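**Q** Below is the structure I would like to discuss, written out as structure tokens.
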Amino acid sequence: MFGIYKKKRLAVTTVVYWFLLCYIVAALAWWYIELWNLNEANFAIKEGMLNPSANDYRQQLDNLLSQRSRKIAQFASEGITFLAVTIVAAIFVYRSVKKQITLNAQQQNFMMAVTHELKTPIAVTKLNLETLRRHRLDTTQVDNIIGKTLEETNRLNDLCNNILLSSQLEAGSFQLTSEKLSLNDVVNESAGEFARRFQKRDIRKVMNEELYVSGDSLMLRLAINNLLENALKYSQPAAAVEIRTARNGNNCVIEVADTGSGIPDAEKKKIFDKFYRIGNENTRNTKGTGLGLYLTRKIIEDHGGSIYVRDNQPSGVVFVIEIPEINHER
Ligand code: ADP
């Protein structure tokens, strides 16, 4: 729905813009022709006033001709400058408006997604608690319901953390702590948490030597959690997800690989934008807010690192994080 709305507004803006720009260029061309004609008429009058039999006729005519050329050069340079400034300004304004419209549509998308994402866990939790109160259930059933309720509250917790954090990080009001961290410990904690939450999924770890980074363990775990969550979300339930650590020069590398739906090359950069989700609200069947990767990149960059995504073989993607290693002996 918002995709169509955005396209319509963008189409109207584009038409209005092209119309205005064409009008300005046409007015400019008209103005140039008018000035040219005036100049020619002026020249003709002045030339008519010259006396051909006068001694200095040749010199006066030369003066008039050079005056005419100077005027033409002046109109041309003024016109070209004005045209160039107009076009640059039009491109600048058009790009800003386009960006603003896209951001507005993404924010509306986000509000819809968030409302849905908030309502579902709350509704499920409420229903589960009411079931527990009304019915006498055996221990297995109670465990089952509590497990599902916890899963929903965890999702709710993640969502709230993501929303809060992105606004705090943006406002610069969140201070990252900086301590020496074992990367393997951070990865183990994240992978362990997901293994508990998604007991039926195959989450594999490949870690060799100890690697140390300087940073905020909570934030790094959140970044890794977002990647693991996506890897599980965008691949088949039976498919394995792998998390690996390694060293690359002076950097520590964390890779999260899946064999899921993959990401088209044209989307590989955009997915890190705020609120960006591939496809539109009607075709998407996964839940999300488009905040996870934005936040992940922000956290990694605040740790002096970088993140990118590449294709996995035979399918899926690998998200690659690189963070400077500390205590690295060259
Ligand atoms: P969310 O998952 O909440 O939509 P993210 O910021 O985490 O938001 O991801 C942005 C988009 O990138 C997702 O909507 C999805 O289309 C795409 N994406 C992220 N991770 C993967 C993945 N592992 N496989 C396929 N697509 C992915």
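**Q** Would you mind finding the longest exposed-site-free stretch of the chain, with exposed GluC sites (Glu not before Pro) meaning DSSP loop and at most 15 other Cβ atoms within 10 Å? List each step's numbers first, then the result.
**A** Details: sites that count: Glu209, Glu210, Glu281, Glu329.
That gives 1-208 as the longest site-free run.
**Q** Let me ask something else. Accessible area, 1.4 Å probe, largest first: how do Leu132, Leu183 sort?
**A** Sorted descending by solvent-accessible area, the residues read Leu132, Leu183.
**Q** Taking the Cα centre as origin and putting +1 on Lys and Arg beta-carbons and -1 on Asp and Glu beta-carbons, what dipole magnitude results for region 178-285, to the nearest 20 debye?
**A** For this selection, approximately 320 debye.
**Q** Per residue of the chain, what 222 nm ellipticity follows from adding -39500 (n - 2.57) for every DSSP H run with n ≥ 4, rounded to the nearest 500?
**A** Taken over the chain, the calculation gives -22000 deg cm²/dmol.
**Q** Sticking with this structure for a sec: Among Asn162, His135, Pro121, whose Cα lies farthest out toward the positive end of the dipole of region 115-171, if unit charges sit on the beta carbon of Lys, Arg (+1) and Asp, Glu (-1)?
**A** Final value for the positive-end residue is His135.
**Q** Dipole of region 252-317, Cα-centred, from +1 at each Lys and Arg C-beta and -1 at each Asp and Glu C-beta, to the nearest 20 debye?
**A** Its charge dipole is roughly 220 debye.
**Q** Related question: So, with a 1.4 angstrom probe, what is the percent of accessible area on region 2-106 that is carbon and sulfur?
**A** Carbon-and-sulfur percentage of accessible area, whole number: 69.
**Q** With the full set of protein chains in place, find how many percent of the accessible area of region 179-324 is carbon and sulfur; take the probe as 1.4 Å. Don't skip to the end; give the middle numbers.
**A** Numbers: 3120 of 6730 Å².
Carbon and sulfur together cover 46 percent of it.
**Q** Looking at this model, which pairs from Lys233/Lys268; Lys180/Lys269; Lys46/Lys71; Lys200/Lys269; Lys119/Lys148 are more than 23 angstrom apart at the alpha-carbon?
**A** Lys180/Lys269; Lys200/Lys269
**Q** Where Lys and Arg each count +1 and Asp and Glu each count -1, what net charge lies around Arg68 among other residues with Cβ under 15 Å from its Cβ? Before the final figure, lay out the partial values.
**A** Details: positive: Lys46, Arg70, Lys71; negative: Glu40, Glu47, Asp62.
Its environment carries a net charge of 0.
**Q** Per residue, how much accessible surface does the chain expose to a 1.4 Å probe? Answer in Å², no decimals.
**A** Values: 20240 Å² over 330 residues.
Ligands and nucleic acids excluded, the figure is 61 Å² per residue.
**Q** Compute a Gaussian network model of the chain, connecting alpha carbons closer than 10 Å, and tell me which residue from Asp265, Asp138, Asp216 fluctuates the most.
**A** Asp138
**Q** Using label points projected 7 Å from each Cα along Cα→Cβ, tell me how many nm separate Ser53 and Val25, to one decimal.
**A** The two pseudo-label positions are separated by 5.4 nm.
**Q** For Thr245, tell me the accessible area in Å² from a 1.4 Å probe, rounded to the nearest 10.
**A** Probe radius 1.4 Å; accessible area of Thr245 about 10 Å².
**Q** Normalise the Cα radius of gyration of region 1-106 by 2.2 N^0.38 Å (N = residues in it) and let me know the number.
**A** Details: Rg = 23.6 Å, N = 106, 2.2 N^0.38 = 12.9 Å.
Against the compact-globule rule of thumb, the ratio is 1.82.
**Q** Need one value: the accessible area of Lys119 in square angstrom, 1.4 angstrom probe, rounded to the nearest 10.
**A** Probe radius 1.4 Å; accessible area of Lys119 about 140 Å².
**Q** Same structure again: At 7 Å along the Cα-to-beta-carbon direction for both Glu34 and Gln60, put a label point, then send me their distance in nm to one decimal.
**A** Calculated label separation equals 3.2 nm.
**Q** Using the C-alpha gyration tensor of the chain, what are the square roots of 5 times its eigenvalues, in whole angstrom, with the largest one first?
**A** 66, 27, 16
**Q** Hey, another quick one. Please compute the modelled spin-label separation between Asp311 and Val142, points set 7 Å along Cα→Cβ, answer in nm with one decimal.
**A** Between Val142 and Asp311, the simple spin-label model gives 5.3 nm.
**Q** Sort Met111, Met207, Met219 by heavy-atom solvent-accessible area, probe 1.4 angstrom, most to least. The partial results should precede the final answer.
**A** Numbers: Met111 110, Met207 50, Met219 5 Å².
I get Met111, Met207, Met219, largest accessible area first.
**Q** For the full complex of protein chains and a 1.4 angstrom probe, list Ser214, Ser178 by accessible area with the highest value first.
**A** Descending accessible area places them as Ser178, Ser214.
**Q** A follow-up question, please. Explain nothing, just the number: dipole magnitude of the chain about its Cα centre with +1 on each Lys and Arg Cβ and -1 on each Asp and Glu Cβ, in debye rounded to the nearest 20.
**A** Numbers: 41 positive and 36 negative charges, 228 e Å.
So the dipole magnitude of the chain works out to roughly 1100 debye.
**Q** Heavy atoms of the protein only, probe of 1.4 Å, neighbouring chains included. What is the accessible area of Ile278 in Å², nearest 10?
**A** Rounded to the nearest 10, the figure is 60 Å².
The values are calculated or read from the model by the stated rules, or taken from the named source; none is laboratory data. Model, not experiment: these values are computed from the prediction. FYI the Cβ positions are ideal-geometry reconstructions off the backbone, even for glycines, and counts take in every protein chain you see. For the accessible areas, the whole protein counts, side chains as well, though only heavy atoms, and no ligand, DNA or RNA atoms are used. Shrake-Rupley method; radii C 1.70, N 1.55, O 1.52, S 1.80 Å.
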